[in-house]
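Chemist: Just passing along the structure, written as structure tokens.
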Amino acid sequence: MDLQVRAARPEDVGQFRQLLGRAFGWEPPPEREASFARLWEPERSYCVFEGDTMVATSGAFSLEMTVPGATVPTGGTTMVAVLPTHRRRGVLRMMMRAHLADVREREEPLAALWASDSGIYGRFGYGLASQHQDLSIDRHHAGRHRLAPAPTPVNLIDAEQARTRIPPIYEKTRVTRPGFFKRSEAWWEERILSDVPNNRGGATALRFAVADDDTGYVIYRQKGDWEKGHGAGEVRVVELVASTAGGWSGLWGFTLSHDLIKKVTADHRPPDDPIFDLVAARRRVNGPTSDALWVRTHDLVKALSTRRYQVEGRIVLAVVDKFLDEHTVVELVGGPDGAEACLSDEQPHLTLDIEDLGSGYMGWSRFRSLAGLGRIQGSAAALTQADLMFSWDPQPWCPEIF
Ligand SMILES: CC(C)(COP(=O)(O)OP(=O)(O)OC[C@H]1O[C@@H](n2cnc3c(N)ncnc32)[C@H](O)[C@@H]1OP(=O)(O)O)[C@@H](O)C(=O)NCCC(=O)NCCS
């Protein structure tokens, strides 16, 4: 039977969630349907049907994402799921075409996602734009570095206070860090501050603390445990964000100064997390590194002219997009104060796949190292110029999976 793709309708919500549950291996709790529907954007989600049976889904969040020096409307690709009975027949390929056409129609320069598997999305032009690390810190070997900055005092706040005090701190910080995105009130309520008991993993309800000058916050849980009569508990950081040296020092110090714990754990941390330089023994802060945000520079001219660049420069890029069968030459002139990009018929300085442009776009620039693998063609001088221009401090970090 033929497969048909169509935009989702609000009344599809039940079937849509069931299908997500089948593909990702969880049971959609009926009482969470309204919460799901508050953030779901059916008009830009797709369902694939075989006859009357829904066999696949994809979704998109309309995000405003921070890129180096700017914020950009971004199609946040999400909820991609194909029934086990219909996998590897090109259904994802079909949905990606519909999704990317929608992103283009909405004039969003970027599409971005977190991948369930890192081998999937390069073929669709998404490049690995940031990494994250799931950290575990051995509390008994996490003494402060002798040069650690003085900690800003930290105050405990309750869930009610967290609702009003934390979002403005995030809002101030998110525009300074590529990979962060704007959170609506509903997003805070349903995703960040909602505390469904089934999702606590045996730990406490969410707990909250803020730097007393409102330059940072931590959302965390505690899990008590004992080993041979000694406290062996854990502080689980859900999100820790700060914008000053004192805020970082105070908040990380706060998590590590709980009695009766053996470790502090924190998932989705950036590779340049200040914690590594706040402790005397950085080797005691460790954990697996993995791919995080994948970015597709869907509208090349808009994407390149919106972000800022670390140094002034001019470069002509030939960008190959096999999925959409496009080959585009773009001239970019940019620097710390702004940029202009336009289509060009000049001889390019670099020729690269759109995946590798997406990879460097957020500021984790690796043009030279990818060229070393034969993935990018161009002179050494052009590669150096591209890496200097595209690099950014701070490094991209997306603090949550969407
Ligand atoms: C991953 C998933 C969406 C793929 O859907 P699908 O319909 O089987 O994919 P397609 O048949 O359209 O495959 C498109 C291409 O992606 C490749 N691909 C699909 N899944 C892949 C995976 N997990 N790893 C690597 N490559 C993968 C296919 O081999 C195919 O490659 P080709 O273009 O070189 O032929 C589907 O298997 C699924 O729903 N899995 C469980 C949920 C999940 O992981 N969703 C993704 C969330 S980010």
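Chemist: Any chance the stretch 297-309 includes a residue that's in a strand (DSSP E or B), farther than 18 Å from Leu352 by Cβ, touching a strand residue (DSSP E or B) at 6+ places or on another chain (Cβ under 7 Å) and not charged (D, E, K, R)?
Modeler: Step one: of the stretch 297-309, the residues in a strand (DSSP E or B) are 297.
The next check asks that each one be farther than 18 Å from Leu352 by Cβ; those that pass are none.
No, the stretch 297-309 has no match at all.
Chemist: Follow-up question, since we're still on this one. For the stretch 105-119, which positions are more than 10 Å from the ligand (Cβ to nearest atom), closer than 30 Å to Asp2 by Cα and outside any loop (DSSP other than H, G, I, E, B)?
Modeler: The initial filter retains those residues of the stretch 105-119 that are more than 10 Å from the ligand (Cβ to nearest atom), namely 105-112.
Pick out the ones that are also closer than 30 Å to Asp2 by Cα and you get 105-106, 111-112.
Glu105, Ala111, Ala112, listed by residue number.
Chemist: Go over the candidates Gly127, Gly122 one by one and state the one that is open to solvent by less than 40 Å² (accessible area, probe 1.4 Å), within 19 Å of Asp353 (Cβ to Cβ) and within 10 Å of the ligand (Cβ to nearest atom).
Modeler: Gly122
Chemist: When you scan the stretch 85-104, do you find a residue that is farther than 28 Å from Leu3 by Cα and either away from the ligand (no atom under 16 Å from the Cβ) or assigned to a loop (DSSP other than H, G, I, E, B) (or both), even just one?
Modeler: No: the stretch 85-104 contains no residue that is farther than 28 Å from Leu3 by Cα and either away from the ligand (no atom under 16 Å from the Cβ) or assigned to a loop (DSSP other than H, G, I, E, B) (or both).
Chemist: Let me ask you something else. Only residues that are basic (Lys, Arg) and either at pLDDT 95 or above or more than 22 Å from Val238 (Cα to Cα) (or both): list them for the stretch 91-143, please.
Modeler: Hits for the stretch 91-143 are Arg93, Arg97, Arg104, Arg106, Arg123.
Chemist: I've got another one for you. Name the residues in the stretch 347-369 that are assigned to a helix (DSSP H, G or I) and open to solvent by 10 Å² or more (accessible area, probe 1.4 Å), would you?
Modeler: Glu355, Arg368, Ser369
Chemist: Spot the failing condition for Arg139; the list is (1) in contact (Cβ under 8 Å) with a residue 12 or more places away in the chain; (2) more than 30 Å from Gly231 (Cβ to Cβ); (3) more than 16 Å from the ligand (Cβ to nearest atom); (4) open to solvent by 30 Å² or more (accessible area, probe 1.4 Å), and only one is missed.
Modeler: Exception for Arg139: condition (2).
Chemist: Going by what's in this entry, would Arg22 be described as open to solvent by 50 Å² or more (accessible area, probe 1.4 Å) and touching a residue at least 60 places away in the same chain (Cβ under 8 Å)?
Modeler: Numbers: open to solvent by 50 Å² or more (accessible area, probe 1.4 Å): yes; touching a residue at least 60 places away in the same chain (Cβ under 8 Å): yes.
Criteria met by Arg22.
Chemist: Residues to consider are Ala339, Ala318, Ala380; find the one that is more than 25 Å from the chain's Cα centre (by Cα) and open to solvent by less than 40 Å² (accessible area, probe 1.4 Å).
Modeler: On the way: Ala339 fails: more than 25 Å from the chain's Cα centre (by Cα); Ala380 fails: open to solvent by less than 40 Å² (accessible area, probe 1.4 Å).
The conditions single out Ala318.
Chemist: Separate question: Which residue, of Glu64, Glu41, Glu33, is at negative phi, out of contact with any Ser or Thr (no Cβ under 7 Å at 6 or more places or on another chain), more than 9 Å from the ligand (Cβ to nearest atom) and of a type in the set (Asp, Glu)?
Modeler: Numbers: Glu64 fails: out of contact with any Ser or Thr (no Cβ under 7 Å at 6 or more places or on another chain); Glu41 fails: out of contact with any Ser or Thr (no Cβ under 7 Å at 6 or more places or on another chain).
Answer to the check: Glu33.
The values are calculated or read from the model by the stated rules, or taken from the named source; none is laboratory data. Just so you know, these numbers come straight off a predicted model, no measurement behind them. Reconstructed Cβ throughout: ideal geometry from the backbone, glycine too, with neighbour counts over all protein chains shown. Side chains included, ligands, DNA and RNA excluded: accessible areas come from the protein's heavy atoms. Shrake-Rupley method; radii C 1.70, N 1.55, O 1.52, S 1.80 Å.
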